[in-house]
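Please read the structure below before turning to the comments.
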Amino acid sequence: MLKRDQTEALIQVSRPSRYLGGELGSIRKDDSGIEVRMALAFPDVYEVGMSHIGFPILYNILNSLDWVAAERVYTPWADMEQWLCDHQQPLCSLESTLPLSDFDIIGFTLQYELSYTNLLTMLNLGGISPRREQRNEDAPLIVVGGPCAFNPEPLADFFDVALIGDGEEAVVELVELVRQGQQKNWSREQLLQQLAGREGFYVPQFFNVSYQKNGCIEEITALQEGYDKVRRRFLNDLETAPFPTQPIIPFMQTVHNRVAMEITRGCTRGCRFCQAGYIYRPVRERSPEKIRQLIAEILQNSGYEEVSLLSLSTGDYTCIEPLLQQLMAEYADEKIAVSLPSLRVGSLTPELMEEVKKVRKTGFTLAPEAGSERLRELINKGISVEDLLQTTRDAYQLGWRLIKLYFMMGLPTETDDDLQQLIELAAAVKKSGKGTGGNDVNVAVSTFVPKPHTPFQWEAQIGIDETLRKQRLLRDGLRMKKLRFKYHGAESSFLEGVFSRGDRRLSVVLERAVELGCRFDGWRECFDFSLWQQAFLDCNIDPSWYLRQREETEILPWEHIDCGVPKSFFLSERQKAVAGAVTVDCRDGSCHGCDVCDFKELRMRQIDSDQTDLFAKTANDEKEDKIEVPEQLTRVRLKLSKQGRARMVGHLEYLKMFQRAVRRAKLPIRFSQGFHPMPKISYLEALPMGVSSEAELLDLELLFPVPVDKIITDLNVQLPDGFKIVAGEVIPWKSPSPSAAVASSCYRVTLPEPHPEDLTEQIDTFLAADEILVSRVKKEVVKLIDIRPAILKLFQIDHELEIELVKGSPLQVAAKLLDLDVETVRRLGVRKTGITLKG
């Protein structure tokens, strides 16, 4: 994200590893043969964007084409944005540090409505006019996709084209058409016409929207013949779809830092509030053999400690029990956990839970969604109280101590009695764990937002005052039951509702909000609702108008976006909701006519029972064939250098990075005992951020001997640029740890120009002092620390200062001597040159 000569910024911002690039698995292509460059842009910080499963899929598909270079860019945090603005530097990609304005295509994924201001901010920082009509023919093509693209109208004045639906095949068509346009010298208009002719591509400038005096849409007029609706793009078969097996391994801890394996796409449970359940239909499953193969490759190439089996409802996967049994048998000895993040009451059996708990209790989350039976029938969430309590009882008995329950409030027809039943249900869950050794319950309640392309898209959303009243009711009731309560902010839910069902008139509000300083609106510490109120006021728009109930005859802003499910089906489901009628899952019954499938190419694709039985038998056979290797404990000490941008990797990030390198190198590392097994690796004390090193020590505890030269070679292959093992040896098993073994450490600090002429005298005075006090802040408490006893040597060599310390930071010593602040010393350049061992 920074030019190679802009590393000064990394010293000055928080969490610099967000901007480093160069991660293992990232792809940087040279200029030769590249015809199309595409920036994959995520409108949030690195650690959020790196956790999104769709990004690596598209990244690898695009980079598999010799003539395409796909690179990543994320929204910089406020301190980095300020640095870019102060130094008049553009926002750049991570791989080649190319400015955004130099790309042919910028593709934004829209996962959340409150990230829209970040999208405009990224365009501004990239030197690109946000408004489409203000961009010239040479500007990058701005593309959006993701779930929010199913109603992209609030952003319609900013992007050129939206990709609606599955992107694996469509993104290849996109870059092919851009390439063809370059070869044939098409105008931007001609390129957009070509894209409009392909399924799944929505070009907003080819539609005109007019409004009635009451504010409702009068008409959505197609300006291109035959282009009156944009049908969603479908991926017919997940089994043959490309899936990346060489993931990018981040330095920092991301939101979901694990193997994310999509086992199923689509859900036909038919929960009437759930947009994903409709826009990702039909159900398409991967075979267990394919899943197992992909996971094995990803683990080998990543070193991750956890595998997450992803789908909208993982427990509904046809082959889930034998798949889980096989994965647990294969990876339990390596202490690799398997998590099922999307569980549904009734689909999680005690046998399934027994498998999950073998390595690590990875968390137990259930989503009843509504507290009363009446509301669960209304939303078509077929969960009985008895089934829920049986599931939680089983979980507690199997050793889980905390259960998280997710609910919504503000559902259509909801009353205070429904909320009271929510409180009672959560209390019953807590009671179900009585006598099991632990029965904590966290209750998280979000405000219902009626989403486009659902049966509830016409419903009203409760306003801020009513949201706050309901939250108080729940907070007081749950507190009396000794239950923890978490909730979404009333103002942020309000704003999400506005933009979720908004139209093109909101574009001016977004622009104004960005001008006022709105960024990261999905982050509680950054969200400032008063700025949004000012933006709506300045634009003379009443946001609450967008939360009203819509008439069934009304033209909706997303009317011209075809998700595959017709409006008539949504109307029918809305009527059934009022009647409390159930729509059964079509996996278990007859087709209920949502019109998504053509029953030829586009159809439900499930694993058949014969395939499930065969996989289960194979898994059992392989489990019996497993051979135990006798232990012969060995301890190896390694010396590592940390140079270049690696010096900006924080200590905790360095520990995790090295642990994963050890896994990838397949070293027989020992693990600790307990619920969260950790590899037995010992390190030196943390090196200050920004300090390079030629002499870091670490010890590995191995189950059996491996030649040291092989350990060094295998690890160096797995380490990112800037990290290198330079030496190693086998040491006695009971040797002191690296920290305990070091007597002193030597550092070199580059002196400022011009450096003090009397520096030698200053050093003599410094060393002659009985004590040297510096202030240190810990947990907001300022303490004075005497650093003099830790200083063994201090002298000048040419343009550098050499410091030998028993312990502590060279930054504080140099700062005190030179009368500079620590951050200034850090920017001068500090390196650790060696260590002296005790004895």
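Which one of these does Asp821 not meet: (1) surrounded by 15 or more Cβ atoms within 10 Å (Cβ to Cβ); (2) charged (D, E, K, R); (3) out of contact with any Lys or Arg (no Cβ under 9 Å at 6 or more places or on another chain)?
So Asp821 meets the others, but not (1).
Does Phe55 fit the bill of being modelled with pLDDT of 95 or more, aromatic (Phe, Trp, Tyr), touching a Leu at 6+ places or on another chain (Cβ under 7 Å) and open to solvent by less than 50 Å² (accessible area, probe 1.4 Å)? If you could, list the steps in order and put the result at the bottom.
Numbers: modelled with pLDDT of 95 or more: no; aromatic (Phe, Trp, Tyr): yes; touching a Leu at 6+ places or on another chain (Cβ under 7 Å): yes; open to solvent by less than 50 Å² (accessible area, probe 1.4 Å): yes.
Spelling it out, it is not the case that Phe55 is modelled with pLDDT of 95 or more, aromatic (Phe, Trp, Tyr), touching a Leu at 6+ places or on another chain (Cβ under 7 Å) and open to solvent by less than 50 Å² (accessible area, probe 1.4 Å).
Determine the pairs where a residue that is over 17 Å from Ile249 (Cβ atoms), located within region 628-654, has a partner that is modelled with pLDDT of 95 or more and in a helix (DSSP H, G or I) with Cβ atoms under 7 Å apart, the partner being 6 or more residues away or on another chain.
Within 7 Å, the pairs are Val636/Val708; Val636/Ile711.
Out of Arg258, Arg292, Arg232, Arg284, which single residue is under 30 Å from Gln326 (Cβ atoms), modelled with pLDDT of 95 or more, touching a strand residue (DSSP E or B) at 6+ places or on another chain (Cβ under 9 Å) and not polar (S, T, N, Q)? Quick ask: steps written out before the conclusion?
On the way: Arg258 fails: modelled with pLDDT of 95 or more; Arg292 fails: touching a strand residue (DSSP E or B) at 6+ places or on another chain (Cβ under 9 Å); Arg232 fails: under 30 Å from Gln326 (Cβ atoms).
On inspection, the qualifying residue turns out to be Arg284.
Mind checking which pairs have a first residue in region 107-128 that is assigned to a helix (DSSP H, G or I) and a second that is open to solvent by 10 Å² or more (accessible area, probe 1.4 Å) and of a type in the set (Gly, Ala, Ser), Cβ under 8 Å, 6 or more apart or different chains?
As it stands, the answer is Leu114/Ser492; Leu114/Gly522; Ser115/Gly522; Leu123/Ser129, since those pairs meet every condition given.
Select from region 377-426 the residues that are among the β-branched types (Val, Ile, Thr), touching a residue at least 12 places away in the same chain (Cβ under 8 Å) and surrounded by fewer than 18 Cβ atoms within 10 Å (Cβ to Cβ) and list them in ascending order.
Correct list: Thr413 only.
Which residues, taken from region 66-82, are in contact with a strand residue (DSSP E or B) (Cβ under 8 Å, 6 or more places away or on another chain) and among the aliphatic types (A, V, I, L, M)? Before you say what the answer is, go through the steps one by one.
Filtering region 66-82 for residues in contact with a strand residue (DSSP E or B) (Cβ under 8 Å, 6 or more places away or on another chain) gives 67-75.
Across region 66-82, the qualifying residues are Val68, Ala69, Ala70, Val73.
Could you please give the count of residues in region 154-196 that are free of Cβ contacts under 8 Å to residues at least 24 places away in the same chain and either touching a helix residue (DSSP H, G or I) at 6+ places or on another chain (Cβ under 6 Å) or of a type in the set (Gly, Ala, Ser) (or both)? Reasoning before the result, please.
Keep residues of region 154-196 that are free of Cβ contacts under 8 Å to residues at least 24 places away in the same chain, which gives 176-177, 180-181, 183-186, 189-190, 194.
When the remaining residues are screened for being either touching a helix residue (DSSP H, G or I) at 6+ places or on another chain (Cβ under 6 Å) or of a type in the set (Gly, Ala, Ser) (or both), the result is 177, 181, 194.
Of the residues in that region, 3 qualify.
Please determine whether any residue of region 704-716 is part of a loop (DSSP other than H, G, I, E, B), at pLDDT below 95 and open to solvent by less than 30 Å² (accessible area, probe 1.4 Å).
no
Pull out all pairs, ordered by first then second residue, where Cβ-Cβ is under 8 Å, the residues are six or more apart or on different chains, the first lies in region 270-281 and is within 13 Å of Cys148 (Cα to Cα) and polar (S, T, N, Q), and the second is in a helix (DSSP H, G or I) and open to solvent by less than 10 Å² (accessible area, probe 1.4 Å).
From region 270-281, the pairs are Gln275/Phe150.
Under the condition of being within 10 Å of Arg645 (Cα to Cα) and open to solvent by 10 Å² or more (accessible area, probe 1.4 Å), which residue from region 1-15 is modelled with the lowest pLDDT? So that I can check it myself, show each step before the final result.
Step one: filter region 1-15 for residues within 10 Å of Arg645 (Cα to Cα), giving 4, 7, 10.
After this cut, where a residue has to be open to solvent by 10 Å² or more (accessible area, probe 1.4 Å) as well, the list is 4, 7.
Working: Arg4: 49, Thr7: 68.
Among residues in region 1-15 that are within 10 Å of Arg645 (Cα to Cα) and open to solvent by 10 Å² or more (accessible area, probe 1.4 Å), the one modelled with the lowest pLDDT is Arg4.
Please pick out the residue among Glu757, Glu780, Glu804 that is on the phi > 0 side of the Ramachandran plot and among the charged types (D, E, K, R).
On the way: Glu757 fails: on the phi > 0 side of the Ramachandran plot; Glu804 fails: on the phi > 0 side of the Ramachandran plot.
Result of the check over Glu757, Glu780, Glu804: Glu780.
Rundown of residues vs (1) modelled with pLDDT of 80 or more; (2) of a type in the set (A, V, I, L, M, F, W, C); (3) in contact with a strand residue (DSSP E or B) (Cβ under 6 Å, 6 or more places away or on another chain); (4) in a loop (DSSP other than H, G, I, E, B), yes/no style:
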| site | (1), (2), (3), (4) |
| --- | --- |
| Phe569 | yes, yes, no, no |
| Asp585 | yes, no, no, yes |
| Lys600 | yes, no, no, yes |
| Gln611 | no, no, no, no |
| Ala616 | no, yes, no, no |
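The values are calculated or read from the model by the stated rules, or taken from the named source; none is laboratory data. Only a predicted model underlies this, so the values are computations on that prediction, with no experimental measurement involved. Ideal geometry is used to build each Cβ from the backbone, glycine not excepted, and the neighbour counts take in all protein chains shown. SASA here: full protein model, heavy atoms, side chains in, ligands and nucleic acids out. Shrake-Rupley method; radii C 1.70, N 1.55, O 1.52, S 1.80 Å.
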